[in-house]
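S.K.: Please read through the structure below; I'll follow up with questions.
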Amino acid sequence: MPYYRQVGEVPRKRHTQFRQPDGSLYAEELMGVEGFSSDASLLYHRGIPTAIISSEVFEGPTFARRPNHPLKPRHFRTHELDGAGLDGAGLDGAGLDGAVATKDPVLGRQHLMANADVRISYAVADQPSPLYRNAIGDECVYVESGEAVIETVFGTLDVSAGDYVVIPTSTTHRWVPKGELRILVTEASGHIGPPKRYLSSKGQFLEHAPYCERDLRGPAEPFSAEGEDVEVLVQHRGPGGSTLWTRYVYAHHPFDAVGWDGCLYPYVFSIHDFEPITGRLHQPPPVHQTFEGPNFVVCSFVPRLFDYHPDGIPAPYNHANVDSDEMIFYTGGDFMSRKGAGIEQGSISLHPSGFTHGPQPGSVEASIGKQATDELAVMVDTFRPLDLLDPALACEDTSYAWTWAGRTIDPEADTTTG
């Protein structure tokens, strides 16, 4: 995080005696990244945060992965995954005490695409998640629709449609939806933050950045919960890049911090607060960049004025991103460059490295003279190929790859019609 916060009660000096009303010491916990060499926060607990009484294997969500082969652009309709739970689209539901399905924002995630750096999932949820900790990397969750409260060891966060939530590695938290919640989840193998080019050497947002500290919402006060023998699910690294899950049972509830301070904590940023960068001629996707992670970036396409050169062409040019796969989640408005391709609310397009992509036929000419766009979309560009997972293939529009040619392919007969 780029700036310091203090929430609740903390002692004047770190690593000094800080006593509870009964005279016992609060338990100090340093949560930091990069081995004491980067951002960190100090939390002060009523109980001991290391007090576990059980640790056992948990069979968490798993999906089969396969390469994008033969190589082609893809279109996935995520709203076709409505109602899919933990036992759907390839999940076996093992280890869930007999449950056959779940619609919570953690175990109900439908994994769509993944590589060694990042995994992208979609979830439709209306139930609270278990207490959860991702010990592999940060998560960036985009709220497509609905509202929720995120309870964390740092405090609570209220989120609604259009919000990005950045949750640091190993933050214990729980999602509590208010009705139906739809989210796109980007799980990293490392840390997610604002692009470095937006920040000063001291971490302050610079004047040319499309958002700043005022746009970020963090926990405002401590959050306390009571309980003993409390379960927390931990997703963690396994051999060869695999993912493992463990169920801890804590002697007392981990949400017992009376205060904390530092520069590492979960925060919320609304896509509606992203200020678009425009120019006389068409601007390339890096101007839309919002976050960066290990070998990937997250970009926000928001309503904005088009290019104002008298001969400008607002539609994007054809482009071959030779080093990256491009995934776009269409979350609102009118994405003019995709007209005629079947793109709709909740669609995801995947344009892989090795495929030259661009606007649909007719979109370039139709864009000339347009003054503005009303699109809303989230893009994740990765610098290693994305594998496809079962839920993505289950909601794929298999005709998408041929839409630039104005034809359709019958996948069963393997013949061209149109």
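S.K.: Gaussian network model of the chain, Cα springs within a sub-10 Å range: biggest mean-square fluctuation belongs to which of GLN360, GLN204, GLN127?
M.R.: GLN204
S.K.: Looking at the chain, what % of the alpha carbon pairs are farther apart than 33 Å?
M.R.: For the chain, the share of Cα pairs beyond 33 Å comes to 36 percent.
S.K.: Given springs between every Cα pair under 10 Å in a Gaussian network model of the chain, which of ILE120, ILE53, ILE348 has the largest fluctuation?
M.R.: Judging by the Gaussian network model, the answer is ILE53.
S.K.: Over all pairs of distinct alpha carbons, what does the Kirkwood formula give as the hydrodynamic radius of the stretch 253-352, in Å? Mind showing how you got there, number by number?
M.R.: Details: mean 1/r = 0.0599 Å⁻¹.
Computed over the stretch 253-352, the radius equals 16.7 Å.
S.K.: Roughly how many nanometres apart are two label points built 7 Å out from the Cα toward the Cβ at SER160 and ALA251?
M.R.: Taking the two extended label points, one gets 4.3 nm.
S.K.: Round to the nearest 0.05 the FRET efficiency obtained for HIS319 and LYS72 when R0 = 25 Å and r is the Cβ-Cβ distance.
M.R.: Using R0 = 25 Å, I get an efficiency of 0.90.
S.K.: Once you charge only the Cβ atoms, +1 for Lys and Arg and -1 for Asp and Glu, what is the size of the charge dipole of the chain about its Cα centre, to the nearest 20 debye?
M.R.: Details: 32 positive and 56 negative charges, 204 e Å.
Here the chain has a charge dipole of around 980 debye.
S.K.: Which sequence of CYS212, CYS299 reflects their accessible areas, 1.4 Å probe, from the largest down?
M.R.: Order by accessible area, largest first: CYS212, CYS299.
S.K.: Taking 41 Å as R0, compute the FRET efficiency from the Cβ-Cβ separation of LYS178 and ASP311 and round it to 0.05.
M.R.: Given R0 = 41 Å and the Cβ-Cβ separation, E is 0.25.
S.K.: Same structure, new question: Please report the relative contact order for the stretch 1-86, taking Cα pairs under 8 Å with a sequence separation of at least 6, and give it as a percent rounded to a whole number.
M.R.: Numbers: 47 pairs, mean separation 14.1, N = 86.
The normalised contact order for the stretch 1-86 reaches 16 percent.
S.K.: Please report, as a whole percent, how much of the solvent-accessible surface of the chain comes from carbon and sulfur atoms (probe radius 1.4 Å).
M.R.: For the chain, the apolar C and S fraction of the accessible surface comes to 50 percent.
S.K.: For ARG133, ARG384, ARG214, give me the order by solvent-accessible area with a 1.4 Å probe, most accessible first, ignoring ligands, DNA and RNA. Don't skip to the end; give the middle numbers.
M.R.: On the way: ARG133 35, ARG384 110, ARG214 225 Å².
Per-residue accessible area, sorted high to low, gives ARG214, ARG384, ARG133.
S.K.: Skip the ligands, DNA and RNA, and give the accessible area per residue of the stretch 137-177 with a 1.4 Å probe, whole Å².
M.R.: 19
S.K.: Which of these, ALA392, ALA405, ALA27, has the largest mean-square fluctuation under a Gaussian network model of the chain (Cα springs below 10 Å)?
M.R.: ALA405
S.K.: If you stretched the chain out fully between ARG12 and LEU25, how much longer would it get, using 0.36 nm times the residue separation minus the C-alpha to C-alpha distance?
M.R.: Numbers: separation 13, 0.36 × 13 = 4.68 nm, distance 1.48 nm.
Working it through step by step, the gained length comes to 3.2 nm.
S.K.: Pop the C-beta distance of ARG46 and THR356 into the FRET formula with R0 = 56 Å and round what comes out to the nearest 0.05.
M.R.: Efficiency at R0 = 56 Å is approximately 0.45.
S.K.: For ALA116 and ARG214, calculate 0.36 nm times their separation in residues minus their Cα-Cα distance, and state this gained length in nm to one decimal.
M.R.: 31.9 nm
S.K.: To continue, here is another question. Cut-off under 19 Å on the C-alpha distance; same-chain residues fewer than 8 positions from LYS13 excluded. Which aspartates and glutamates are left, in chain and number order?
M.R.: Straight-line reach from LYS13, under 19 Å: GLU28, GLU29, ASP39, ASP261.
S.K.: Could you work out the Rg to Rh ratio of the stretch 329-394, with Rh taken as the Kirkwood radius (inverse of the mean 1/r over all Cα pairs)?
M.R.: Computed over Cα atoms, the ratio is 0.99.
The values are calculated or read from the model by the stated rules, or taken from the named source; none is laboratory data. Bear in mind that the values here come from a model prediction, so they are computed numbers and not experimental data. As a convention, Cβ positions derive from the backbone with ideal geometry for all residues, glycine included, and neighbour counts pool all protein chains shown. Just so you know, the surface numbers come from the protein's heavy atoms only, side chains and all, with ligands and any DNA or RNA stripped out. Shrake-Rupley method; radii C 1.70, N 1.55, O 1.52, S 1.80 Å.
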